[in-house]
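These notes concern the structure reproduced below.
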Amino acid sequence: MTGLRMKARIFISAVFLFFAAGCFNFLTAGVRYVPVADISVSAGGVSRAGGSPSYGADSAVYFTPAIVFGSESSFLPIVSFRYSGFRHLRELAGGDVLFRESAEGGINLVYKTSLYGADARLRAAYRENFINEAKDEDWSEGLFDHRRFLLGAEAGGEILGYDFSFSADYLEVKFPNYESLVKDFEGAFDSEPLKELSREAGGNVLDYSELVLGLSASPEKTAARQLGYSYSLGIRDYSDQRKVESDGSFSSDKRRDVLNSLGADLRLPRGRFLFGVSGEASYLSSNQNLYEAPAAEFIEDYYSWIEGALGVSASYYTSEDPGSLLKMKWETRLRSYIIREARDEKGNYTGDNHIREESSITLSWRHRLFEGFYSLISLKGSFNSSNTEYEGNYVYNFETFNYSMGLNWRY
């Protein structure tokens, strides 16, 4: 409870600072309110190769009573909620896990201002995520339910025709319902070595804190050719996941993942058309290892990988209304684990690096019906493959097709 109280105090302090800054602006400049709302509902289905189709619904709510102080400062308390009743896959705990439905909601606080010619913003956020794997699973009891807490700052300005931005964010994620299996069965162990092993393994092994630093440069949006660049560094520390040693024991050191990502984005506006190409290269370095007891096999840096991603998109504004948009997008992502090997159907290692490829093509259309209301149509095909054929714990090789129709209201 001490840690929870500390986070609550930090969040309350952040809220106080935001409101203090807002009150200062209120006393020194004119103030106006600009409420913004966005609500979407849709229904459709998901078909998966080799499986039966499923049907569901999506909904999303976004609302902020934006407060604008003068011409240079604003405060945005943002409330959002999203529900998905479609079966979907999400990468958690080192692999893709299938979920039946999910819901998330939270509040974001953003304060924007201008200091000495530079743009600056502060942000704080708290978010609850509920994820259900089974039909009979109650909300708030999902194994992968988690809470996210964030504090961050960003500053930027124009240099040589480019808008530069530097950001720093601190993030904490907690999985209150997830504990290691070894911890759960500690009471059933009748030997002292096994009891000691359960204590050393750690309990809340998915909980982590992360520091993310980002740097981006983008040209003016009026340019005929808009080429932007970005770099981010994420340092993630797992508070209760101990590092595995070569003999299968647990050391006092904790797991740390370091993610470096370098990206580029090209936008080519041509009248009502907008063409885009994006690319990203990433490298994750993890000090966590794997020890497989039955085979007494030790795999160092089990989670480390390199990844490349490429995306191509084409958009067409079907009317003068910027909300009416027809868009097609193709994306592909290739990940190769540095040490982890692929497995055959029986689970035997092949000697080749474990490789995963994900690609998708999406066609979406948002069309204005009348003032503030839009129709939504979306079609998406996803294709996932890997040289690992063994799928005892995770799913690597599958194809899905999603389709949905809905309505969107904007204010």
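What residue, of Y337, Y316, is without any contact (Cβ under 8 Å) to a residue 40 or more places away in the chain, among the hydroxyl-bearing types (S, T, Y) and part of a strand (DSSP E or B)?
After ruling out the rest, the residue left standing is Y337.
Could you tell me whether S239 is crowded, with 18+ Cβ neighbours inside 10 Å, modelled with pLDDT of 85 or more, in contact with an Asp or Glu (Cβ under 6 Å, 6 or more places away or on another chain) and among the hydroxyl-bearing types (S, T, Y)?
no
Looking at (1) surrounded by fewer than 17 Cβ atoms within 10 Å (Cβ to Cβ); (2) within 27 Å of S251 (Cβ to Cβ), which is the only condition G279 fails?
(2)
Restricting the search to segment 204-233, which residues are of a type in the set (D, E) and either surrounded by 13 or more Cβ atoms within 10 Å (Cβ to Cβ) or touching a Lys or Arg at 6+ places or on another chain (Cβ under 6 Å) (or both)? Explain how you work it out, then say what you get.
If we filter segment 204-233 for residues that are of a type in the set (D, E), which is where we start, we get 207, 210, 220.
Of everything in segment 204-233, those that are of a type in the set (D, E) and either surrounded by 13 or more Cβ atoms within 10 Å (Cβ to Cβ) or touching a Lys or Arg at 6+ places or on another chain (Cβ under 6 Å) (or both) turn out to be D207, E210.
For the subset of segment 282-319 comprising residues that are hydrophobic (A, V, I, L, M, F, W, C) and within 29 Å of E210 (Cβ to Cβ), which member is surrounded by the most Cβ atoms within 10 Å (Cβ to Cβ)?
Taking the candidates together, the pick is W305.
Regarding segment 285-294, can at least one residue be identified that is in a loop (DSSP other than H, G, I, E, B), at pLDDT below 95 and hydrophobic (A, V, I, L, M, F, W, C)? Talk me through it step by step, then tell me what you get.
Here is the first cut: in segment 285-294, the ones in a loop (DSSP other than H, G, I, E, B) are 287-289, 293-294.
Going one step further and asking which of them are at pLDDT below 95, we end up with 287-289, 293-294.
Those left that are additionally hydrophobic (A, V, I, L, M, F, W, C): 293.
The answer is yes; a qualifying residue exists.
Could you figure out which of (1) under 23 Å from L268 (Cα atoms); (2) of a type outside the set (A, V, I, L, M, F, W, C); (3) at pLDDT 85 or above; (4) outside any strand (DSSP E or B) isn't true of S364?
All conditions are met except number (4).
Among the residues of segment 216-239, how many are over 30 Å from D253 (Cβ atoms) and either part of a strand (DSSP E or B) or touching a helix residue (DSSP H, G or I) at 6+ places or on another chain (Cβ under 7 Å) (or both)?
Number of matching residues: 9.
Kindly list the number of the only condition in (1) farther than 30 Å from Y291 by Cβ; (2) surrounded by fewer than 15 Cβ atoms within 10 Å (Cβ to Cβ); (3) not hydrophobic (A, V, I, L, M, F, W, C) that fails for D344.
(1)
It is to be established whether one or more residues within segment 373-395 are in a strand (DSSP E or B), touching a residue at least 40 places away in the same chain (Cβ under 8 Å) and surrounded by fewer than 16 Cβ atoms within 10 Å (Cβ to Cβ).
No, that holds for no residue.
Can you tell me how many residues within segment 70-117 are more than 30 Å from I131 (Cα to Cα), among the hydrophobic types (A, V, I, L, M, F, W, C) and modelled with pLDDT under 85?
Residues flagged as more than 30 Å from I131 (Cα to Cα), among the hydrophobic types (A, V, I, L, M, F, W, C) and modelled with pLDDT under 85 within segment 70-117 amount to 1.
So, in segment 55-90, how many residues would count as being farther than 29 Å from Y111 by Cβ, in a strand (DSSP E or B) and of a type in the set (D, E, K, R)?
Number satisfying all stated conditions: 2.
In contact (Cβ under 8 Å) with a residue 12 or more places away in the chain, over 23 Å from V61 (Cβ atoms) and in contact with a strand residue (DSSP E or B) (Cβ under 8 Å, 6 or more places away or on another chain), is that true of L109? Spell out the reasoning first.
Details: in contact (Cβ under 8 Å) with a residue 12 or more places away in the chain: yes; over 23 Å from V61 (Cβ atoms): no; in contact with a strand residue (DSSP E or B) (Cβ under 8 Å, 6 or more places away or on another chain): yes.
No; evaluated as a whole, the condition is false for this residue.
Select from segment 245-275 the residues that are touching a residue at least 24 places away in the same chain (Cβ under 8 Å) and over 29 Å from Y337 (Cα atoms) and write down the one among them that is surrounded by the most Cβ atoms within 10 Å (Cβ to Cβ).
R267
What are the residues in segment 144-173 that are assigned to a loop (DSSP other than H, G, I, E, B), farther than 18 Å from Y126 by Cβ and not hydrophobic (A, V, I, L, M, F, W, C), if any?
Matches in segment 144-173: G161 only.
Residues of segment 255-280 being touching a Ser or Thr at 6+ places or on another chain (Cβ under 9 Å) and under 19 Å from W305 (Cα atoms), which ones?
Within segment 255-280, R255, R256, D257, V258, L259, N260, S261, L262, G263, E280 meet the criteria.
The values are calculated or read from the model by the stated rules, or taken from the named source; none is laboratory data. Here the structure is a predicted model, which means the values were calculated and not measured. Don't worry about glycine lacking a Cβ; one is built from the backbone with ideal geometry, like all the others, and counts go over all protein chains shown.
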